[in-house]
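Read the structure below first, then the notes.
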């Protein structure tokens, strides 16, 4: 039997770990696992699978990492699974077409970068890092057949993405069906107790439960976290949509981008990715409701927290000072990048592309038309404008990007 003091610890852990969570499936098993962990002093094994399909991560990815950190602080063990084997297939979740397979070299490089970035949040001493090729590569064909026999085609087609593609008669490759099976087999190999993922990963997480039962292993609990909207306030944070905050971006970019987060999303960011205590968040909510706290000040607190987490306290302080100087006092930043150029006249569109302030001519024209381009603080809205370069001339795009010209 568990004593009263132990039960208090159980309820405290359940409260902390349930905060900000979308679903815990099933909740009663989760509480039972926590209770057994407290009673026996045995840490739970908490798994997160990372598909290294891109070389770096953004703030949206850190929602689950923040929850993992909470598990670690309560004494549990985190299992990070780098999908170096599954990454060569690609997660079909949310895809309207078959995803391009990565090479071993791409997966290896991306996995290395992931490991560097996740430990900005997680404690490496309480983290196991696994590569699923270590148990998936040795499987014989008979093992793969047994794995495939655990799931019907009808069950696979219950997945929203597969269902839509099937209805639209879009191609679905057989190897895509193996992705959730292999992710689930990771849980079999590691005897995982709880697996985390975004709400779009629910099917894959539950597949892990199914496979553990088939292989005679205690079933894991699936814990899903909400997806974090990006800077546009509408769509899931994504590099392809340009609405992201990268964890490896310069401190000034992290701070400045955070200040552009829509006010209505600010508290969601605080809860999911800031690391700020529940007590402070509740205090800020009350202050915002009563008017005692200005939304700008709350957002500056958020910007500082995120910048400090990923770039350190000193960089966060410098970023905050720079933001105040540029956006509140309207003073040019001191650390502008310098671009060397000759004296020949050049079109503004070409100049923006040449200096890297715009990725293409079309984007440069869009920025100009939108009033987002300034030369020495003067807005230029003519996309046919020709610029005569001057020493120390300052180009500005948007609120945060500056370049000073230096004549040859």
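The values are calculated or read from the model by the stated rules, or taken from the named source; none is laboratory data. Keep in mind it's a predicted model, so treat the numbers as computed, not measured. So basically every Cβ, Gly included, is an ideal-geometry build from the backbone, and we count neighbours across all protein chains shown.
General observations
- Set 165, 209, 155, 146: member being farther than 23 Å from residue 42 by Cβ, at pLDDT 90 or above and assigned to a helix (DSSP H, G or I): 146
- Test: residue in segment 214-228 that is free of Cβ contacts under 8 Å to residues at least 24 places away in the same chain and over 18 Å from residue 62 (Cβ atoms): yes
- Of the residues 358, 319, 364, the single one that is crowded, with 17+ Cβ neighbours inside 10 Å and in a loop (DSSP other than H, G, I, E, B) is 358.
- Of the helices (runs of 4 or more DSSP H) that lie entirely inside segment 237-293, those containing 2 or more residues that are out of contact with any strand residue (DSSP E or B) (no Cβ under 9 Å at 6 or more places or on another chain) and more than 15 Å from residue 305 (Cβ to Cβ) span 278-290.
- Test for residue 157: is it over 30 Å from residue 264 (Cα atoms), in the same structural domain as residue 137 (by TED's automatic domain parsing) and surrounded by fewer than 19 Cβ atoms within 10 Å (Cβ to Cβ): yes
- Scanning segment 135-159 for residues that are under 26 Å from the mean Cα position of the chain (by Cα) and free of Cβ contacts under 8 Å to residues at least 24 places away in the same chain returns no hits.
- Residues of segment 381-400 that are surrounded by 19 or more Cβ atoms within 10 Å (Cβ to Cβ) and at pLDDT below 85: 400 alone.
Condition check ((1) more than 26 Å from residue 246 (Cα to Cα); (2) in contact (Cβ under 8 Å) with a residue 40 or more places away in the chain) across all residues:
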| residue | (1), (2) |
| --- | --- |
| 283 | yes, no |
| 295 | no, no |
| 314 | no, no |
| 322 | no, yes |
| 363 | no, no |
| 369 | yes, no |
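- Residue check for residue 311: crowded, with 19+ Cβ neighbours inside 10 Å and out of contact with any strand residue (DSSP E or B) (no Cβ under 8 Å at 6 or more places or on another chain): yes
- Residue 84, sole failed condition from (1) modelled with pLDDT of 95 or more; (2) surrounded by 14 or more Cβ atoms within 10 Å (Cβ to Cβ); (3) closer than 20 Å to residue 183 by Cα: (1)
- Failed item, numbered, when residue 338 is tested on (1) in contact with a strand residue (DSSP E or B) (Cβ under 6 Å, 6 or more places away or on another chain); (2) surrounded by 15 or more Cβ atoms within 10 Å (Cβ to Cβ); (3) not in a loop (DSSP other than H, G, I, E, B): (2)
- Reported count of residues in segment 190-205, each being surrounded by fewer than 18 Cβ atoms within 10 Å (Cβ to Cβ) and in a helix (DSSP H, G or I), is 2.
- Those residues of segment 168-185 which are in a helix (DSSP H, G or I), in contact (Cβ under 8 Å) with a residue 40 or more places away in the chain and touching a helix residue (DSSP H, G or I) at 6+ places or on another chain (Cβ under 7 Å), in sequence order: 179, 182, 183, 185
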